Every structure is written in C-alpha cells, then in structure tokens.
Amino acid sequence: MFNGAKGVNPYFFIGVVVDKNDPIGEGRVRVSCFGVHPTETSTSPQDALNVVEREDLPWATCINGTFGSMQTTPEEGDWVFGFFVDGRDAQHPMLLGTIPGTNTEDWTA
C-alpha cells in the first residue's frame, strides 16, 4: 500500500471524532480531519463549497497497539491522530490514538 514509486505515501492527520455508531459493529469511527474536511462553520467561500457532510465521511479503523483483549473506541468529540493509507485521496483512514486534553469545543453538535 505504501508504494513510493507510485506516489502513494501515508498522509497524517489530526481530527475530531464526529460519529461512533458503526453500522456493522466493527468499532470504526468517522473523523472530521482538520485541513482535510472543511466544516459547516468555515468562513471561506471556497470551503463552503467543499463541506463534507458527516454521513459522507469515511469510516476510520481504530488500531489497537496494546496487544491486549480490550479495545476502546474514541468517543464523539475526542481529538485523534492517524493517517490515510491511500495518501491524499483521503478515503481510507486509520487511527493511531487520541490526543488527551485538547478538546475545548463541542464539535459533535
């Protein structure tokens, strides 16, 4: 998947979890990524044309690197970091972890 010769390199992001109700129960979440997915509150007219609705965001797989049996799914409103496996196409996100103490706004409203 990470084929530098073909120009596909992972693209890292920070974002906020906006939906954790995975319809197939695999513990995935939807993340609005800062700088990748403009929000409804964007002030730029260009951003307003590119708003990605919550239901159109791709499902992100949560990677559990603890090697334990307990897997925790981030809560809505949690800030997370990860990467897109498909690079800047930004359709296949993987979460590496959460960023504690950074959420100061209600992004899920």
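Which of the residues spanning the range 18-34 are modelled with pLDDT of 90 or more, part of a loop (DSSP other than H, G, I, E, B) and either open to solvent by 70 Å² or more (accessible area, probe 1.4 Å) or basic (Lys, Arg) (or both)? Hits for the range 18-34 are 20, 21, 23, 24, 28. Look through the range 48-64, keep the residues that are hydrophobic (A, V, I, L, M, F, W, C) and more than 16 Å from residue 25 (Cβ to Cβ), and return whichever of them is modelled with the lowest pLDDT. Among those that are hydrophobic (A, V, I, L, M, F, W, C) and more than 16 Å from residue 25 (Cβ to Cβ), it is 48. Restricting attention to the range 5-17, the residues that are open to solvent by 10 Å² or more (accessible area, probe 1.4 Å), at pLDDT 90 or above and farther than 9 Å from residue 83 by Cβ add up to 1. When residues in the range 91-109 are screened for being open to solvent by less than 80 Å² (accessible area, probe 1.4 Å) and at pLDDT 85 or above, 7 of them pass.
The values are calculated or read from the model by the stated rules, or taken from the named source; none is laboratory data. Just so it is clear, the model here is predicted, and its values are computed rather than measured. With ideal geometry, Cβ positions are generated from the backbone for all residues, glycine too; neighbour counts draw on all protein chains shown. Quick note on the areas: whole protein, heavy atoms, side chains included, nothing else; ligands and nucleic acids left out. Shrake-Rupley method; radii C 1.70, N 1.55, O 1.52, S 1.80 Å.
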